[in-house]
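Novice: Before I ask anything, here is the structure I am working with.
Derivation of every value follows stated rules applied to the coordinates shown; laboratory data play no part. Owing to the predicted nature of the structure, the values given are computational and were not obtained by experimental measurement. For neighbour counting, all protein chains shown are included, and Cβ atoms are generated from backbone atoms with ideal geometry for every residue, glycine included.
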Amino acid sequence: MKILFSALLLTCLLNTTWAGPLTTEQLRSNLITNTWRETDANEWTGFGLLMEFNDNGVATVINNTHAEWPAMARYTWTVDLQRETPVLSFRDYTGSTFRYTAVQTLRGLDLLPFDSETRTVVHLSSGNRVNPLLWTKTQQTLLGSWENTIAATAANSQVPQLRFNVDGTYSLSWGHINTSAQVREAGRWMLSKCSDFIILMPESSDTLEYAKVRLISADEMVVEQLVVTKGSLVVNKEVKNMFFNKL
């Protein structure tokens, strides 16, 4: 029992020293080497807000639900010291700057609006570390056409086909097996830096769609997506796995 309490005390001390203020260099390093997402632990383990920071000074913010951010936007980002506290600044294409005090927490980072700036606190958890080799391999594997024959039923024999192009565009088509498919949706796509999420940005919509990569090989892919349907009384949310084969 004494050993157990000693171990628990040591864990608490380690956690206490781990959370708290960061130096500017520590913050820059953490931002670049990890992916960051705002999640809802009560729902799917996807993201409401995803932030990716590149060492060239450009950050990509992908928004699924948060009203204060566009669906997808790129910013220049900097870290500087303000009153002995590291402050993270985002600058958009219009020249507007949004500043946050960054505080390290046990799960990741909290971004607190700096001074009197009136925005909500962003609670970020760190995702998988950035692996450029894995990202390049997954990106190359995704290129081409994928077919989901499981989606076809006796009542509906149309088969969805998803094609990822090297120029960053995609198309979603539906058609009968062995016949030409009709494009129903087109837009741009990207793979998150952690290689966990495929993000689709339809050209006909201001919102985006995304799915979590569960498995991918040269000829097989399984992705997980939160499917939301509005019933007569409640909103139904269901996590579904979708299976694709490479054509």
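Novice: In 10 Å bins starting at zero, report the fraction of Cα pairs in segment 25-84 per bin as a rounded %.
Specialist: With a bin width of 10 Å, the distribution comes to 21, 44, 30, 5.
Novice: Here's something else I'd like to know. How big is the gap, in Å, between the Cα center of segment 197-247 and the Cα center of segment 25-83?
Specialist: Result: 22 Å between the Cα centres.
Novice: Same structure again: Just flag the chymotrypsin sites (Phe, Trp or Tyr not before Pro) in segment 49-144 sitting in loop per DSSP whose Cβ has no more than 16 other Cβ atoms within 10 Å. Intermediate results must be reported in sequence, preceding the final value.
Specialist: Working: sites: PHE53, TYR75, TRP77, PHE90, TYR93, PHE98, TYR100, PHE114, TRP135; in loops: TYR93, PHE114.
Those satisfying the criteria are TYR93.
Novice: Filter the trypsin sites (Lys or Arg not before Pro) in segment 70-148 down to the DSSP loop ones having no more than 12 other Cβ atoms within 10 Å, then list what survives. All intermediate terms of the calculation are to be shown ahead of the outcome.
Specialist: On the way: sites: ARG74, ARG83, ARG91, ARG99, ARG107, ARG119, ARG129, LYS137; in loops: ARG83, ARG107, ARG119.
Those satisfying the criteria are ARG83.
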